[in-house]
Amino acid sequence: MTKQNTFDLPLHTHWSYDATTPPEHYFAQAEKSGITHIAITDHHTNDGIQETLEAAAKHPTVNFFSAAELTVHCELGTFDMVCLGLPITPTPELEKVYEAYHTWQRGFGDHLCKNFTEAGYPFPMEDRIRIVKQFRPEKTLKVQGITHVQYHLLLKYLLEEKKYFPDRDSLNKVWGSFPAYDYPEADFVLPAVRKAGGIIFIAHPHPYFYRDDLKRMDALRERLGFDGIECAHTDVPEELTPFYRDYCKKYNLLSSAGSDAHKPTTPMATHIAERCYLEEILERVSCVKL
Ligand SMILES: [Zn+2]
């Protein structure tokens, strides 16, 4: 069993379209288990910042990075980028980025409803609203509107409730025929993060890196210009962590680690990273001062 670590840098609260944890839970849990540093990395947004600040104020032993996980598209693919050290109040450029993601999330939901319906599998807006309301607090919908649906609930709806498809393969065949609905472009998002003082990590990189393909790693490093790699993560095979860490050392990159928890029952900070990952990050960006 992996032992509990002392920092956890990607965490999702209910301000992420697919997560259900209130910020308070992570701070309380961290305080209880001796976790000193966390990052709240909601998908595509800093909408939860006020609630996070309130939770942080109650748990002063826990330091937190203001952060977001921004998914970007470029000609090499689509990548989740964990951005740490973002300002509490967004810069004008970041404001535009967050707004683009708000629009993207509603638009992607619309795109799926429309395309399934046109393909003969009706997916009306009222069903999407019902599913989203099952797990998203009203306050988040007030700010973000009706986002797309958590992946596993979407599968449940299409496969079990509606019985449109006998299995995932037949669903994927139809889904795969839809026109692309790309995430915001890396060249629009990442410069705004850098300009705002944030540092950028490529998240859970094993699929992006084809595990350990150095050519691919070099190509993505050059194209995306990330500052670091999430070397240890719940889904990253443990044998790859030292390999990624060595790569970071070779190219003077930072290393990050965390649980990527989305719900309160997920154990925090169960990764195998060393404390020096965090110390190196702290030389570049600071936690929020309350
Ligand atoms: Zn997620």
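Values quoted throughout were computed directly from the atomic coordinates according to the rules given, and no laboratory measurement underlies them. Since this is a predicted model, take the numbers as computed values, not measurements. Reconstructed Cβ throughout: ideal geometry from the backbone, glycine too, with neighbour counts over all protein chains shown.
Would you list MET125, MET217 from fewest to most Cβ contacts within 10 Å? The partial results should precede the final answer.
Working: MET125 13, MET217 21.
Listed from fewest to most nearby Cβ atoms, that is MET125, MET217.
By counting other Cβ atoms within 10 Å of each Cβ, how are THR147, THR270, THR103 ranked from fewest to most?
Values: THR147 25, THR270 18, THR103 12.
Ordered by Cβ neighbours within 10 Å, fewest first: THR103, THR270, THR147.
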Going by alpha carbons, how many degrees (0 to 90, nearest 10) lie between the helix axis of 92-118 and the longest principal axis of the chain? 30
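So if each residue of separation counts as 0.36 nm, and I subtract the Cα-Cα distance between ALA57 and LYS162, what length gain in nm does that give? Kindly include the intermediate steps, with their values, before the conclusion.
Working: separation 105, 0.36 × 105 = 37.80 nm, distance 4.52 nm.
Value of the extension gain: 33.3 nm.
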Need the list of aspartates and glutamates near LYS156 for cross-linking: C-alpha distance under 13 angstrom, and skip anything on the same chain fewer than eight residues off. ASP127, ASP167
About its Cα centre, what dipole magnitude does segment 1-111 give when the only charges are +1 on Lys and Arg Cβ and -1 on Asp and Glu Cβ, stated in debye to the nearest 20? 380
For LYS133, the aspartates and glutamates lying under 17 Å Cα to Cα, once residues fewer than eight places off in the same chain are dropped, come out as ASP18, ASP110, GLU161
Compactness index (Cα Rg / 2.2 N^0.38 Å), segment 98-175: 1.11
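Report Rg/Rh for the chain, rounded to two decimals, where Rg is the Cα radius of gyration and Rh the Kirkwood radius.
0.96
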I'd like the FRET efficiency for MET125 and ASN172, computed as 1/(1 + (r/R0)^6) with the beta carbon distance as r and R0 of 35 Å, rounded to 0.05. 0.90
